[in-house]
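The values are calculated or read from the model by the stated rules, or taken from the named source; none is laboratory data. On a predicted model such as this, the values are computed, not experimentally measured, just so you know. Reconstructed Cβ throughout: ideal geometry from the backbone, glycine too, with neighbour counts over all protein chains shown.
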């Protein structure tokens with residue numbers, strides 16, 4: 001479970017509408033029964049009338065309603081506004097080694113940076129920087145650079161230090177890794193909150209909500225099925241899905257064209273491929289989905305395969321509902337499932353109206 005900042009720190013952030021706390025907590029106001037984002041412009045309650053939740057789901061579970069002013073459910077869990085510039089800086093200068101002092105010079109709180117990276121990437125900020133350097137070195141090795149040059153150019157101070165760090169992450173020596181391409185991953189913003197996108201050279205292999213509790217398990221599945229590590233970075237498949245997601249959420253795209261690299265059991269892959277065939281704006285029941293893959297009565301197993309889908313939205317597991325029309329389990333939370341269904345119905349309705 002995510003550790004929240006101190007109550008005093010969160011209340012200060014709420015009063016000052018501190019954007020660096022976006023996505024780190026939600027303020028639940030006991031006197032009104034609503035919950036807000038840290039940057040909400042509503043009149044601030046007294047400290048004793050506020051409790052704090054780490055996620056939207058938790059706030060809803062406690063019985064609070066979303067604030068109509070800051071609309072936390074419409075905007076999703078936004079990444080802090082300082083995250084994208086920091087990621088860009090590291091991407092441009094992978095050999096950069098930013099310490100706590102360097103973060104403070106940039107106006108950032110090292111504690112908040114560590115929490116955000118741990119929650120979004122499953123690693124500390126320092127580990128993220130190290131992974132970027134190792135990913136850069138891996139590219140140099142593939143380009144034919146000597147091992148010592150690849151390590152030093154990536155910012156490692158010694159050949160031995162580079163070799164040790166490389167083997168800890170990749171499980172092999174730099175020389176043995178020349179024929180291995182890691183999975184690259186990066187954080188992608190969306191109206192539903194940050195998504196962690198990962199891709200191989202063959203296609204997108206993960207697009208998971210960064211605040212999902214099962215994200216570490218999904219990431220572990222990647223390394224198990226693909227037998228290679230995940231390092232920060234991007235490639236054409238990730239760049240493509242970023243563009244397509246923007247069009248999808250803007251109501252300008254119904255189908256995704258980004259290549260997919262699906263790996264799971266034979267049953268899971270059959271379910272995932274059938275999910276892609278569900279028409280935009282439509283839904284099917286778990287029972288119907290089981291029939292479509294030739295496994296009548298396997299709706300429970302179908303539900304489990306849905307839960308293991310590592311590429312939600314693109315592989316639309318949100319389009320599977322109960323036979324009576326009610327929503328049922330969704331890894332990103334039922335509110336996100338409802339958001340996606342409503343978005344697609346509005347978009348489909350608009351398309352029909354324009355074509356009429």
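Based on what the data block shows, is residue 236 farther than 23 Å from residue 335 by Cβ, in contact with a strand residue (DSSP E or B) (Cβ under 9 Å, 6 or more places away or on another chain) and in contact (Cβ under 8 Å) with a residue 60 or more places away in the chain? No. Among the residues of the range 201-217, those that are surrounded by fewer than 20 Cβ atoms within 10 Å (Cβ to Cβ) and over 21 Å from residue 117 (Cα atoms) comprise 201, 202, 203.
Screening 228, 263, 253, 224 for residues that are assigned by TED's automatic domain parsing to the domain that holds residue 190, over 26 Å from residue 84 (Cβ atoms) and at pLDDT 90 or above leaves exactly one candidate, 263. Just checking, does the range 304-322 include any residue being exposed (fewer than 15 other Cβ atoms within 10 Å of the Cβ), assigned to a helix (DSSP H, G or I), over 21 Å from the mean Cα position of the chain (by Cα) and assigned by TED's automatic domain parsing to the domain that holds residue 211? Within the range 304-322 (the criterion being exposed (fewer than 15 other Cβ atoms within 10 Å of the Cβ), assigned to a helix (DSSP H, G or I), over 21 Å from the mean Cα position of the chain (by Cα) and assigned by TED's automatic domain parsing to the domain that holds residue 211), the answer is no, since none of the residues qualifies.
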